[in-house]
Amino acid sequence: LTKKEVLFIDILVENKDSYTKNNALYKHVWDNKTTGTTVRTFVQRLRGKTNKNLIQNVSGLGYKILS
């Protein structure tokens, strides 16, 4: 996994009992220098490298990791 992929999964694991808001992900992984389209593409590629059902989209709010 890349550094950004590890950061992304790390923040999801930290908030495993809830979801992680999009703005927290943008700040933690991309220093607020990204767009929603970039993140969606990033998550799609990450799902290809991991279990397809590992990361769940919380529509309009953020993402969560399923255990």
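The values are calculated or read from the model by the stated rules, or taken from the named source; none is laboratory data. Just so you know, these numbers come straight off a predicted model, no measurement behind them. Reconstructed Cβ throughout: ideal geometry from the backbone, glycine too, with neighbour counts over all protein chains shown. Just the protein is used for accessible areas: all its heavy atoms, side chains included, with ligands, DNA and RNA removed. Shrake-Rupley method; radii C 1.70, N 1.55, O 1.52, S 1.80 Å.
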Treating only the Cα positions of the chain as identical point scatterers, give the base-10 log of I(q)/I(0) from the Debye formula at each q in 0.14 Å⁻¹. -0.34
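So if each residue of separation counts as 0.36 nm, and I subtract the Cα-Cα distance between Thr38 and Lys3, what length gain in nm does that give? Don't jump to the answer; show the numbers that get you there.
Working: separation 35, 0.36 × 35 = 12.60 nm, distance 1.59 nm.
Length gained, Thr38 through Lys3: 11.0 nm.
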How much mean residue ellipticity at 222 nm does the chain get from its helices, if each DSSP H run of length 4 or more adds -39500 (n - 2.57) and you divide by all residues, to the nearest 500 deg cm²/dmol? -16000 deg cm²/dmol
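Where nothing but the Cβ of Lys and Arg (+1) and of Asp and Glu (-1) is charged, how large is the charge dipole of the stretch 1-61 around its Cα centre, in debye to the nearest 20?
On the way: 11 positive and 5 negative charges, 53 e Å.
Its charge dipole is roughly 260 debye.
Once neighbouring chains are kept in place and the probe is 1.4 Å, which whole percent of the accessible area of the chain is contributed by carbon and sulfur? Display every interim value, and only then the final one.
Numbers: 2200 of 4600 Å².
Within the chain, the accessible surface is 48 percent carbon and sulfur.
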Show me, for the stretch 43-51, the HN-Hα J-couplings you get by feeding each phi into the Karplus relation (A = 6.51, B = -1.76, C = 1.60, θ = phi - 60°), rounded to Hz, glycine and proline as x. 5, 4, 5, 5, 4, x, 8, 10, 5
